[in-house]
């Protein structure tokens, strides 16, 4: 069984390193990322790459884990703090993550206003 805490810590660390290929490796090929704060749903690794390039690399976004709540052995709610080159400078956010076969199958993301 996967260790979700370790997985999430590595996912955030790889994202903060802007390692696109390794970052995409955390997702199933047909994963879906629904980010309400940008008003888009990204389907599959190719679209998730666009999301990562635009909103993480593009804004030099640093993600800090604030809290991780395990819902069950295949779901987690993650609260984070983002900092980067965007107007707010620092902003809270969350990810609701569903896992399948040791990878991310679905993510709902939003900012905390």
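The values are calculated or read from the model by the stated rules, or taken from the named source; none is laboratory data. On a predicted model such as this, the values are computed, not experimentally measured, just so you know. Cβ placement follows ideal geometry from the backbone for every residue including glycine, while neighbour counts extend to all protein chains displayed.
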Contact list please: Cβ distance under 7 Å, first residue in the stretch 7-22 and in contact (Cβ under 8 Å) with a residue 40 or more places away in the chain, second residue in a helix (DSSP H, G or I) and crowded, with 16+ Cβ neighbours inside 10 Å, pairs at least six apart or on different chains.
15/23; 15/56
Please name all residue pairs, on different chains or six or more residues apart, with Cβ atoms under 6 Å, provided the first residue is in the stretch 90-104 and is over 19 Å from residue 69 (Cβ atoms) and the second residue is surrounded by fewer than 16 Cβ atoms within 10 Å (Cβ to Cβ).
90/83; 91/111; 102/2
Cβ-Cβ distance below 9 Å, separation of 6 or more or different chains: which pairs start in the stretch 50-70 with a residue that is touching a residue at least 60 places away in the same chain (Cβ under 8 Å) and end on one that is exposed (fewer than 13 other Cβ atoms within 10 Å of the Cβ)?
68/5; 70/5
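To keep it simple, each residue is scored yes or no on (1) modelled with pLDDT of 95 or more; (2) in a strand (DSSP E or B); (3) exposed (fewer than 14 other Cβ atoms within 10 Å of the Cβ).
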position: 11; (1), (2), (3): yes, no, no
position: 29; (1), (2), (3): yes, yes, yes
position: 38; (1), (2), (3): no, no, no
position: 42; (1), (2), (3): yes, yes, no
position: 64; (1), (2), (3): yes, yes, yes
position: 88; (1), (2), (3): no, no, yes
position: 97; (1), (2), (3): yes, yes, no
position: 104; (1), (2), (3): yes, yes, no
position: 109; (1), (2), (3): yes, yes, no
